[in-house]
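To start, the structure under review is shown below, and the notes come after it.
The values are calculated or read from the model by the stated rules, or taken from the named source; none is laboratory data. Computed from a predicted structure; not experimentally measured. Here the Cβ positions follow ideal geometry from the backbone for every residue, glycine too, while neighbour counts run over all protein chains shown. Just the protein is used for accessible areas: all its heavy atoms, side chains included, with ligands, DNA and RNA removed. Shrake-Rupley method; radii C 1.70, N 1.55, O 1.52, S 1.80 Å.
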Amino acid sequence: MAFSGSPPPAAAEAPIGIFDSGVGALSVLRHIQARLPSEHLLCFCDSGNAPYGGKSDKEIIARTLSVADFLKTRNVKAIVVACNTATAAAIQPLRHAYPELIVVGVEPGLKPAAVFSRSGKAGVLATASTLGSSRFTALRDQISESTGVSFLTAACVGLVEQIEKGDLDTPETTKMLERYVTPIVRGGADTIALGCTHYPFVQPLIEQIAQREGSVPVTIIDTGEAVARQLERLLQQGGLQRMETRAGSLQAFTTGSRAALVQAFYRLLQLAPRVTEVPARSAA
């Protein structure tokens with residue numbers, strides 16, 4: 001999560017774009033709204049092309065740049081890539097394409113998971129694409145070497161799709177999470193990092209399973225707050241933070257179903273922003 005380049009003078013009134021492959025953007029957006037309530041936000045959910053976990057890096061980079069092009073036409077001052085898979089594959093190409101913008105990505109939470117671990121074992125729930133990325137491997141190895149903490153990982157195939165459907169606590173989702181969480185906590189992990197921004201929406205279920213199957217209390221790491229803090233720091237550094245006392249506006253875009261995103265905003269965040277559908281093949 002680093003700032004690339006020196007942005008030219010721009011109005012603090014400009015909006016911030018928040019982008020994910022689907023409703024995972026909402027888990028990061030809630031932290032940004034809580035920390036920066038006066039900022040204008042544009043939330044882009046690429047649900048028509050979700051999930052990203054099974055796509056190639058080339059496909060993910062193409063989608064990320066397409067969405068960034070769309071957000072740039074809305075004159076954003078910053079882009080938050082609220083997707084672990086897209087961050088791992090496309091954050092550098094995005095920063096190269098838009099050096100004038102503040103660009104913030106998300107990390108899978110390995111560092112805080114290691115910091116909070118008492119057992120020396122930490123769990124990571126993420127997509128197969130995130131876990132298989134060179135970015136993740138390098139970060140895992142670096143933190144393991146510096147802290148001595150080992151990581152137990154689970155590629156949560158199918159979980160993003162369940163969350164996109166709104167199936168947050170159904171029997172199918174419960175069984176799926178039991179398969180992924182149980183080996184981690186039985187293996188001795190006392191922290192679990194949520195390495196996908198969709199996963200905080202099933203955090204209560206993860207906590208229930210971890211409490212039932214584990215032998216020690218388990219701390220769950222949601223990195224959304226850290227993203228919001230980093231965004232705030234970079235806005236202040238660039239002189240771009242909106243200092244109005246009035247609450248900022250919120251607009252949303254989706255390449256999926258407008259009705260589904262309207263429902264997701266209300267169900268997950270109790271918000272009712274204006275939602276616009278855009279073509280799935282091209283965000284621009």
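For the stretch 168-205, which positions are small (G, A, S) and either surrounded by fewer than 20 Cβ atoms within 10 Å (Cβ to Cβ) or over 18 Å from L110 (Cβ atoms) (or both)?
First pass over the stretch 168-205, keeping only residues small (G, A, S): 187-189, 193, 195.
If the condition is that a residue be small (G, A, S) and either surrounded by fewer than 20 Cβ atoms within 10 Å (Cβ to Cβ) or over 18 Å from L110 (Cβ atoms) (or both), then G187, G188 are the ones that fit.
Look through the stretch 227-246, keep the residues that are modelled with pLDDT under 95 and of a type in the set (G, A, S), and return whichever of them is nearest to A126 (Cα to Cα).
This residue is G238.
If you go through the stretch 13-38, how many residues are within 20 Å of D69 (Cα to Cα), touching a Leu at 6+ places or on another chain (Cβ under 6 Å) and either open to solvent by less than 10 Å² (accessible area, probe 1.4 Å) or small (G, A, S) (or both)?
3
Quick check: anything in the stretch 175-194 at pLDDT below 95 and either closer than 22 Å to V23 by Cβ or assigned to a helix (DSSP H, G or I) (or both)? Explain how you work it out, then say what you get.
Our first condition is that a residue be at pLDDT below 95; within the stretch 175-194, this holds for none.
Within the stretch 175-194, none of the residues are at pLDDT below 95 and either closer than 22 Å to V23 by Cβ or assigned to a helix (DSSP H, G or I) (or both).
Here is a check on your reading of the model: is E225 out of contact with any strand residue (DSSP E or B) (no Cβ under 7 Å at 6 or more places or on another chain) and of a type outside the set (G, A, S)? Reasoning before the result, please.
Working: out of contact with any strand residue (DSSP E or B) (no Cβ under 7 Å at 6 or more places or on another chain): yes; of a type outside the set (G, A, S): yes.
Criteria met by E225.
Any residue in the stretch 250-274 that is free of Cβ contacts under 8 Å to residues at least 24 places away in the same chain sitting within a Cβ distance under 6 Å of a residue that is open to solvent by less than 20 Å² (accessible area, probe 1.4 Å) and assigned to a strand (DSSP E or B)? List the pairs, counting only those 6 or more apart or interchain.
R258/V275; V262/V275
Does the stretch 128-144 hold any residues that are open to solvent by 40 Å² or more (accessible area, probe 1.4 Å) and touching a Phe, Trp or Tyr at 6+ places or on another chain (Cβ under 7 Å), and which are they?
The one that is open to solvent by 40 Å² or more (accessible area, probe 1.4 Å) and touching a Phe, Trp or Tyr at 6+ places or on another chain (Cβ under 7 Å): R140.
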